[in-house]
1. I need the trypsin sites (Lys or Arg not before Pro) found in the stretch 170-256, filtered to DSSP loop residues with at most 15 other beta carbons within 10 Å of theirs.
2. Quick one: grab the alpha carbon gyration tensor of the stretch 115-256, order the square roots of its eigenvalues as a ≥ b ≥ c, and give me rounded if a/c is under 1.5, else prolate or oblate depending on whether a/b is larger than b/c.
3. Pairwise over distinct Cα atoms, reciprocal of the mean inverse distance: report the Kirkwood radius of the stretch 71-119 in Å, one decimal place.
4. When only C-alpha pairs under 8 Å and at least 6 residues apart count, what is the relative contact order of the stretch 201-256, in percent?
5. Mean-square fluctuation check for the chain, GNM, Cα pairs under 10 Å: which of G103, G15, G95 is largest?
6. So for the stretch 15-89, averaging the separation of alpha carbon pairs under 8 Å that are six or more residues apart and normalising by length, what relative contact order in percent results?
7. Which longest run of the chain has no exposed loop site in it, a site being GluC sites (Glu not before Pro) in a DSSP loop with at most 12 other beta carbons within 10 Å, and the site itself not part of the run?
8. Roughly what % of Cα-Cα distances in the chain sit above 28 Å, to the whole percent?
Amino acid sequence: MSRVLTVSGLHLAAGARALVQGVSLSLRRGQVLAMLGRSGGGKSLTTLALLDLLPAGVSRLGGEVSLDGMVLDRAGQAALRGATLGYVQQAPRAGFNPLVSIGRHFEETLAREGLRGGAARRRMLELLRDVGFEAPDSVPRLYPSQLSGGMLQRAMIALTLCRNPAFLLADEPTTDLDLVVQAQILDLLDRLVAERGIGLLLVTHDLSVVARLADEVAVMEDGTIVEQQPVRSFFDTPRHPRSRALLAAHRALYES
Ligand SMILES: Nc1ncnc2c1ncn2[C@@H]1O[C@H](COP(=O)(O)OP(=O)(O)OP(=O)(O)O)[C@@H](O)[C@H]1O
Ligand SMILES: [Mg+2]
């Protein structure tokens, strides 16, 4: 299985406006890379560039994405999407077709892995159980509107796991959820990294999440990475003023 996903020298722009400039990152199997930084810093666009799913109007002017040192062309990136590279977004509802049952979503995804019929059903139920549905049998017949946000995010993660991705890109996966459910989803992601050796890119605004899950931290500001450190040294000796400000705000909130 693939070991390391790298983007180097990424430049993104909308017309003449540079949005991301010279971003380089490596995501390793079994590790969590947390990406932090002010709103509009370019975290989501960087994530989307890894998937070759940039929004209309944003183009990649430079940079290479590689897997285990092999540079990928666009077809190579498209082939990775879903299979090697899973994507978990902030609003899980947007990832489901509202008119299609949860079970059908799984059938379609598992068919891409060559699983159909009873084998597909067993795998679906196993994955639903693995992400925390205690009665997975009841889930497939439901429609997205019948699941809460937290249940949908679990279902989205299970759907992503159908294809055994080596890496997961999670862009603020818990922002829309209440605190208890946030903690459950983070536990789940943490467990997937530990048990399946998934490499997780986790975009978050929450430093307690970083402290809990991350091995490495990258801080983005105005389209560049202003700091990248192992998590321990990031908390002990943040270098960039933005990192210090983030840590000061965090400590004021939690240590008062
Ligand atoms: N489709 C688009 N067309 C033009 N500019 C865009 C587009 N999408 C994003 N941008 C701009 O690119 C910059 C980076 O956006 P991005 O969404 O990556 O930020 P972010 O770090 O994810 O922010 P947040 O923390 O708010 O999610 C912002 O200035 C944003 O306005
Ligand atoms: Mg974003």
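None of the figures in this text is laboratory data; all of them are computed from the coordinates on show. All figures in this text were calculated on a predicted structure; none of them were measured in a lab. Cβ: placed from backbone, ideal geometry, glycine included. Neighbour counts: every protein chain shown.
1. Listed in order of number, the matching sites are R239.
2. prolate
3. 12.8
4. Answer for the stretch 201-256 is 25 percent.
5. Result: G15 has the largest fluctuation of those listed.
6. The value is 25 percent.
7. Longest run free of exposed loop sites: 1-133.
8. Value for the chain (Cα pairs over 28 Å): 34 percent.
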